[in-house]
1. For the range A:43-61, which positions are under 12 Å from residue A:4 (Cα atoms), over 11 Å from the mean Cα position of the chain (by Cα) and not basic (Lys, Arg)?
2. Wholly within the range A:1-105, which strands (runs of 3 or more DSSP E) include no fewer than the required count, namely at least 1 residues that are under 25 Å from residue A:140 (Cα atoms), in contact with a strand residue (DSSP E or B) (Cβ under 8 Å, 6 or more places away or on another chain) and among the aromatic types (Phe, Trp, Tyr)?
3. Are any residues in the range A:78-110 within 16 Å of DNA strand B (Cβ to nearest atom), loosely packed, with under 15 Cβ neighbours inside 10 Å and among the acidic types (Asp, Glu), and if so, which ones?
4. Mind checking which residues of the range A:1-15 are under 18 Å from residue A:112 (Cα atoms) and small (Gly, Ala, Ser)?
5. Determine the pairs where a residue that is touching a residue at least 40 places away in the same chain (Cβ under 8 Å), located within the range A:28-53, has a partner that is among the acidic types (Asp, Glu) with Cβ atoms under 8 Å apart, the partner being 6 or more residues away or on another chain.
6. Does residue A:108 qualify as being assigned to a strand (DSSP E or B), at pLDDT 95 or above and within 18 Å of residue A:4 (Cα to Cα)?
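The values are calculated or read from the model by the stated rules, or taken from the named source; none is laboratory data. In this text the structure is predicted, and so the values were computed from the model without any measurement. Note: ideal-geometry Cβ built from the backbone for every residue, glycine included; neighbour counts use all protein chains shown.
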Amino acid sequence: MAYWLMKSEPGTYSIDDLERERSTGWDGVRNYQVRNMMRDEMRKGDQAFFYHSSCAEPGVVGIMTVRGGGRPDPAQFDPESPYCDPKSDPDNPTWLLVEVAFKRKLSRTITLAELRGQPGLDDFQLLRRGNRLSVVPVTPAQWELILSLE
DNA sequence: GCCAACGTTGGC
DNA sequence: GCCAACGTTGGC
């Protein structure tokens, strides 16, 4: 079982939205590296941190479970969607999503500021300069360390 | 709102 | 294949 961190802007989709819906298709990923990770590495039963980005207090806010591997993201074929991609071939869709389920909210936000400078997180991909991937892998040691801060 | 970092596009 | 221009992400 692998661990992940998945970013979402709370103004677009927050941990409260996921708690209400219990599960969702993690749509809108339009980055090839992330797509390949979803296709090749994310598996049912994996655990993921829910991370709020581009907001007043960026940080880890909850935990979810990966429900299923990549399937085509319907938004790429929806002309009304901001995620529509006219270049994607319906017979061979470019973009995938994974299904995720709500597990729990953290009792508090573990902020980005807190994660920075934390001994043991030197190699955490989220903290690397210029990192913009919306899904990043988390090692078991990093997972435990971050949870211990709660 | 600013800006650094990075990805994508498209001319050549 | 190179690279400049442009778009997006996301912290601050």
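1. Residues satisfying the conditions are A:45, A:46.
2. A:3-8, A:47-52
3. Selection gives A:89 alone.
4. Once the filter is applied, which keeps residues that are under 18 Å from residue A:112 (Cα atoms) and small (Gly, Ala, Ser), the range A:1-15 yields A:8, A:11, A:14.
5. These pairs meet every condition: A:28/A:73; A:29/A:73; A:30/A:85; A:52/A:9; A:53/A:9.
6. Taking the combined requirement at face value, the residue does not satisfy it.
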